[in-house]
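Undergrad: Encoded as structure tokens, here's the structure I'll be asking about.
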Amino acid sequence: MITGNMFRDMVISAANNIENQKNSINALNVFPVPDGDTGTNMSLTISAAAKTMRTTNDKDISETANIVASSLLKGARGNSGVILSLLFRGIAKGLAGQQNADSKALAKAFSSGVSAAYGAVMKPTEGTILTVARVAAENTAVYAQNSGSARDTFAYYLETAKQTLEKTPEMLPVLKQANVVDAGGKGLVVILEGMLSCLDGKPIESSGEVQEEIPTDFSEFNIFESEDDIVYAYCTEYIVNKESSAPKSDSGELRKYLESIGDCVVVVDDGEIIKVHVHTNHPGRAFEEALRFGSLVNMKVENMREQFKEKKAEAPKIDKKYGFVSVAAGAGLANLFKDMGVDVVVEGGQTMNPSTDDIVAAVEKTTAQNVFVLPNNKNIIMAAQQAAELTDRNVFVISTKTIPQGITALLNFDDSLEPQQAAEMMSESIGSVRTAQVTYAARDSEFDGKEIHEGQLLGLVEGKVSYVEDSMETLVSEMFKQLLEDGGEFINIYYGENVKADEAEKIGKLIGSLAPDAEVIVLEGGQPVYHYIFSIE
């Protein structure tokens, strides 16, 4: 049987395992561009749950799984992170009402997880994390009928997931061509390995030098959806300067006592001091008990009910019909979106996907009842769609995959239309813009018959590596010979943070000579990773 506390520890172990291996998962990126972030996204997603689990104690597996699922959803980053959160959301549904999980309950939870993930993906692609989870769940459902051990069932699920992962290159030609397995599937396997290792009594620790740093900010614990959620009114924090003459020295005893009078308990013993945080209705008792371990400093007590009332009073007043949230990386692009009427720009893009919670926070900073969200990256669309479910605003996610598509969508907004009509018009308009980008190869590789060396310039057309050159001028010339075959009256050039203005002007003149009848505009984007982003309409 797997208890709530066991499941809690398994999640923490899983988060440590993928954090330790995230770079090797990132390296499985099919394209050799410097934006392979699957491992990072999945690590950040499950780390959000692990952080919550460190203050969760003695709950049944049903409640623990629900807390995990909620934390994962809010912390989800990128498509892989969102799918991971959906798997755990389904697992939580499968474990509903369970005190502990036996073999059959576990198999049911795995199947429920797959249903939740597949149900949220419009066009599931086989050979990805979804396939790894589905095949493993299907086989485990059969296995669990004759297995009496939850541990053995979990181990079987992991083994089947591994076997399926190794087959992903045969299911998805692009993986076979790049000679890699699916990065998301690999991330899932690494997470499951961390969980099983903990179940076997060998929890994975972080490979970092500092295993647990002393917290300095506990504000994340003080976020509530309603005043009724505040069971314990006083957020209490202090530091104990440990004294050899004190009656007690084992900080574990202090933790146990605090858990008996409150929740959200954090007790970190750093040898000479103990850092403490607790929510309680009796802060005096929390101080009194701590005095048995030493003297107290930095004492702080805050009434969270009063804080909640003040925060609610300060919340943005809804004073307009429409608002916009856009995701962008680079000061130039952020300013451009703001100049076009975007209320809140969320910093993010390639290699730095914002979380679901980041997008929710941005939506709620607007003062509009109807909010249009522009992800501007294919790996952020799912997080935006999940965010739409977590707010009481009417959120319309326009599935923009690039910065130029986001700008085109804004240019085609009509405030005279009703929200749904406006969203449809914006969505239809993005098909009129073509996007090309220039970046560099992060590693040696071969893709689509092209031999690529680390550091070479890569030309991407609609997200696909199409050109490989050593010279920027040669690359841009070759790209635009193709791009201009379909015409182009308006060409915008957004240059990145590592490109000088005079270099960008030269590229602008080069493109202008290739398209003498087009209007060519050069703008500072300031974006990382990509030297240039081109918009052609």
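The values are calculated or read from the model by the stated rules, or taken from the named source; none is laboratory data. These numbers were taken from a predicted model, which means no experiment stands behind them. All Cβ positions, glycine included, derive from the backbone under ideal geometry; neighbour counts span all protein chains shown.
Undergrad: Does the stretch 36-45 include one or more residues that are surrounded by fewer than 22 Cβ atoms within 10 Å (Cβ to Cβ), closer than 25 Å to THR168 by Cβ and not β-branched (Val, Ile, Thr)?
TA: Yes: the stretch 36-45 contains one or more residues that are surrounded by fewer than 22 Cβ atoms within 10 Å (Cβ to Cβ), closer than 25 Å to THR168 by Cβ and not β-branched (Val, Ile, Thr).
Undergrad: Follow-up question, since we're still on this one. Among the residues of the stretch 110-139, write down those that are modelled with pLDDT of 95 or more, more than 21 Å from the chain's Cα centre (by Cα) and either closer than 19 Å to GLY187 by Cβ or not assigned by TED's automatic domain parsing to the domain that holds ALA50 (or both).
TA: Result: PHE110, ARG134, VAL135, ALA136, ALA137.
Undergrad: Checking ASP517 against (1) closer than 22 Å to ALA328 by Cβ; (2) assigned to a loop (DSSP other than H, G, I, E, B): exactly one of these is not met. Which one?
TA: (1)
Undergrad: Test PHE287 against the criterion of being in a helix (DSSP H, G or I), of a type in the set (A, V, I, L, M, F, W, C) and closer than 30 Å to LYS365 by Cα, and give yes or no.
TA: no
Undergrad: Out of all the residues in the stretch 492-508, is one or more modelled with pLDDT of 95 or more, in a helix (DSSP H, G or I), of a type outside the set (Phe, Trp, Tyr) and in contact with a helix residue (DSSP H, G or I) (Cβ under 7 Å, 6 or more places away or on another chain)?
TA: Within the stretch 492-508, one or more residues are modelled with pLDDT of 95 or more, in a helix (DSSP H, G or I), of a type outside the set (Phe, Trp, Tyr) and in contact with a helix residue (DSSP H, G or I) (Cβ under 7 Å, 6 or more places away or on another chain).
Undergrad: Of these, LEU458, LEU411, LEU390, LEU483, which one is out of contact with any Leu (no Cβ under 7 Å at 6 or more places or on another chain), surrounded by 16 or more Cβ atoms within 10 Å (Cβ to Cβ) and in the same structural domain as VAL327 (by TED's automatic domain parsing)?
TA: Answer to the selection: LEU390.
Undergrad: Hey, among ALA150, ALA183, ALA144, which residue is at pLDDT 90 or above, of a type in the set (A, V, I, L, M) and either surrounded by fewer than 20 Cβ atoms within 10 Å (Cβ to Cβ) or within 29 Å of the chain's Cα centre (by Cα) (or both)?
TA: ALA183
Undergrad: Same structure, new question: Give ASP263, ASP250 a once-over and let me know the one that is touching a His at 6+ places or on another chain (Cβ under 7 Å) and of a type outside the set (Gly, Ala, Ser).
TA: ASP263
Undergrad: Answer with yes or no whether LEU523 is of a type outside the set (D, E, K, R), crowded, with 20+ Cβ neighbours inside 10 Å and either touching a strand residue (DSSP E or B) at 6+ places or on another chain (Cβ under 7 Å) or within 18 Å of ALA328 (Cα to Cα) (or both).
TA: Criteria not met by LEU523.
Undergrad: Return the total of residues in the stretch 51-74 being of a type in the set (Gly, Ala, Ser) and crowded, with 24+ Cβ neighbours inside 10 Å.
TA: 2
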